[in-house]
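Visitor: Structure provided below as structure tokens; questions to follow.
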Amino acid sequence: MEFSEFKEKFTSDIAERLYDIGIEAKVSNHDVSKLNESYESVTVTPEGSNVGVNLNINRIYDAIENGETYEGALKRAVETIERGIEETPAVDVTALTDYSQMKERLVMEVVSVEVNKEMLKDIPHKEMEDMAVVYRFDLGGDKDNRATVLVTNQLMNSMGITADQLHNDAMENAPNIRPAVIRGMTEVIAEMSGMTPEDLVEMGMALGGGEEMMYVASSADNISGAGVIAYEDFMNQAAERVGGDFFILPSSRHEVLLVPDDGTKSLKELEAMVKDVNATQVSPEDKLTDSVYHYDSKNKIFELGEKFVSRMQDKESVLDSIKEKKKEIAAKEPKKDEVAKTAAKTKGGESL
């Protein structure tokens, strides 16, 4: 079945199934442009509501092409819509233009500048190396049905605020709404396996023989948690937890990995790890970047890993130049015993 035919039939069947189970709603198709992804959707908006549920129909079509039955995909879509309608919080649209109410809901996310360069033209943001910090109003819900509103230039202007004010308010409120959480990888693995960190230690499975080789940083709800790296105090808090300088690996838009800069891993090894994980385990809509970043805890510098390596090489080059200069100066200076002999001869000549 061609995609256009599938889309028409699937949309019609969803409307019919929803009617059969007593859900009165408008079912339509839209082109959805979001950060990190664009797709065609089936949009279901319940009667009397101003918030709809979007389903990525491209993804559903691909699933059927890869073996899922049409009936199975339809059943799953209807269940997702039912759950979305039940769990999506009510939204007071009039409040969306009242910044005094909405600023308390401000959160921050980080996305790739390159992937989203066209959308970012219409979105207030601050660049953080090759990432962009963007802002949303968090309206509540769970991880699967989180209602948020992306702040665009148009919305910001309608609220009568500036990009600087938006950023400052987000820096103040986001850490309270989505607190940063840093956990050792041993703790994360233990949680996933249903064991305790102590169990892993006893079994000899603790990473690094008891010392953490890696940490996971995200928000408490793990929703767009990579945004915690933009929090004002995050880098210093992470340095204290990790024990000094560290590399930052963008696991996804939802979390980042922190690797202590203890000399055991090279930048190239870490970059290869990030690219492999992104290519094989992270969906395109959840991908952040292929870059590795570094935090210099002494000089308080966050930068791309390649910039850090270059800066260290330049520093080493300067130190080598200073050492060579000192050697040259030392070679030109007369030795102490020669100076002493010259002084003795001069003194003797004066006494005659």
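Visitor: What number of residues in region 289-300 are touching a Pro at 6+ places or on another chain (Cβ under 7 Å) and either surrounded by fewer than 16 Cβ atoms within 10 Å (Cβ to Cβ) or more than 23 Å from E127 (Cα to Cα) (or both)?
Guide: Of the residues in region 289-300, 0 are touching a Pro at 6+ places or on another chain (Cβ under 7 Å) and either surrounded by fewer than 16 Cβ atoms within 10 Å (Cβ to Cβ) or more than 23 Å from E127 (Cα to Cα) (or both).
Visitor: Please go through region 26-53 and give me each residue that is open to solvent by 70 Å² or more (accessible area, probe 1.4 Å) and closer than 30 Å to K121 by Cα, ordered by number. Give the steps one after another, and end with the answer.
Guide: So the first thing to find is which residues in region 26-53 are open to solvent by 70 Å² or more (accessible area, probe 1.4 Å), and the list is 26, 30-31, 33-34, 38, 47-48, 50.
The answer is H30, D31, S33, K34, S38, N50.
Visitor: Quick one: which residue in L139, L155, L120, L150 is modelled with pLDDT of 95 or more and out of contact with any Gly (no Cβ under 8 Å at 6 or more places or on another chain)? It would help to see each step written out before you state the result.
Guide: Details: L139 fails: modelled with pLDDT of 95 or more; L155 fails: modelled with pLDDT of 95 or more; L150 fails: modelled with pLDDT of 95 or more.
Result: L120 is the single residue among L139, L155, L120, L150 that is modelled with pLDDT of 95 or more and out of contact with any Gly (no Cβ under 8 Å at 6 or more places or on another chain).
Visitor: With the checklist (1) of a type in the set (G, A, S); (2) over 20 Å from V149 (Cβ atoms); (3) modelled with pLDDT under 90 in hand, flag the one item S33 doesn't pass.
Guide: The one condition S33 does not meet is (2).
Visitor: Could I ask something else about it? Can you tell me how many residues in region 22-60 are charged (D, E, K, R), touching a Lys or Arg at 6+ places or on another chain (Cβ under 8 Å) and closer than 17 Å to D286 by Cβ?
Guide: 0
Visitor: Test D245 against the criterion of being among the acidic types (D, E), at pLDDT 95 or above and open to solvent by 40 Å² or more (accessible area, probe 1.4 Å), and give yes or no.
Guide: Details: among the acidic types (D, E): yes; at pLDDT 95 or above: yes; open to solvent by 40 Å² or more (accessible area, probe 1.4 Å): yes.
For D245, the condition - among the acidic types (D, E), at pLDDT 95 or above and open to solvent by 40 Å² or more (accessible area, probe 1.4 Å) - is met.
Visitor: Still on this structure, please answer the following. If I ask for residues that are touching a residue at least 24 places away in the same chain (Cβ under 8 Å) and exposed (fewer than 12 other Cβ atoms within 10 Å of the Cβ), which ones from region 265-288 would you list?
Guide: Within region 265-288, P284 is the sole residue that qualifies.
Visitor: Could you list, in sequence order, all residues of region 114-138 that are part of a strand (DSSP E or B) and either basic (K, R) or in contact with a helix residue (DSSP H, G or I) (Cβ under 7 Å, 6 or more places away or on another chain) (or both)?
Guide: Quick first cut of region 114-138, residues part of a strand (DSSP E or B) only: 126-128, 131-138.
Within region 114-138, K126, M128, A132, V133, Y135, R136, F137, D138 qualify.
Visitor: Condition check: under 18 Å from the mean Cα position of the chain (by Cα) and over 27 Å from V32 (Cβ atoms). Does L270 satisfy that? Steps first, answer last, please.
Guide: Working: under 18 Å from the mean Cα position of the chain (by Cα): yes; over 27 Å from V32 (Cβ atoms): yes.
Taking the combined requirement at face value, the residue satisfies it.
Visitor: Please work out which one of (1) of a type outside the set (D, E); (2) open to solvent by less than 40 Å² (accessible area, probe 1.4 Å); (3) under 19 Å from V149 (Cα atoms) is the condition T94 fails and give its number.
Guide: Condition (2) is where T94 drops out.
Visitor: If you don't mind, another one. In this structure, does S251 turn out to be modelled with pLDDT under 95 and in contact with a helix residue (DSSP H, G or I) (Cβ under 9 Å, 6 or more places away or on another chain)? So that I can check it myself, show each step before the final result.
Guide: Working: modelled with pLDDT under 95: yes; in contact with a helix residue (DSSP H, G or I) (Cβ under 9 Å, 6 or more places away or on another chain): yes.
Yes.
Visitor: Counting just the residues of region 254-272 that are of a type outside the set (K, R) and in a helix (DSSP H, G or I), which one comes out nearest to Y215 (Cα to Cα)?
Guide: At the first step, the residues of region 254-272 found to be of a type outside the set (K, R) are 254-264, 266-267, 269-272.
Narrowing further to those that are in a helix (DSSP H, G or I): 267, 269-272.
On the way: L267: 17, E269: 17, L270: 14, E271: 17, A272: 18 Å.
Here the residue is L270.
Visitor: Would you confirm whether or not region 157-167 contains a residue that is in a helix (DSSP H, G or I), in contact (Cβ under 8 Å) with a residue 12 or more places away in the chain, farther than 18 Å from D221 by Cα and open to solvent by less than 40 Å² (accessible area, probe 1.4 Å)?
Guide: Pass one, region 157-167, residues in a helix (DSSP H, G or I): 157-158, 163-167.
If we keep only those that are in contact (Cβ under 8 Å) with a residue 12 or more places away in the chain too, we end up with 158, 163, 166-167.
Within this subset, residues satisfying the condition of being farther than 18 Å from D221 by Cα are 158, 163, 166-167.
Filter once more, keeping what is open to solvent by less than 40 Å² (accessible area, probe 1.4 Å): 166-167.
Checked region 157-167: at least one residue is in a helix (DSSP H, G or I), in contact (Cβ under 8 Å) with a residue 12 or more places away in the chain, farther than 18 Å from D221 by Cα and open to solvent by less than 40 Å² (accessible area, probe 1.4 Å).
The values are calculated or read from the model by the stated rules, or taken from the named source; none is laboratory data. Computed from a predicted structure; not experimentally measured. In this analysis, Cβ positions are derived from the backbone assuming ideal geometry, glycine residues included, and neighbour counts consider all displayed protein chains. Just the protein is used for accessible areas: all its heavy atoms, side chains included, with ligands, DNA and RNA removed. Shrake-Rupley method; radii C 1.70, N 1.55, O 1.52, S 1.80 Å.
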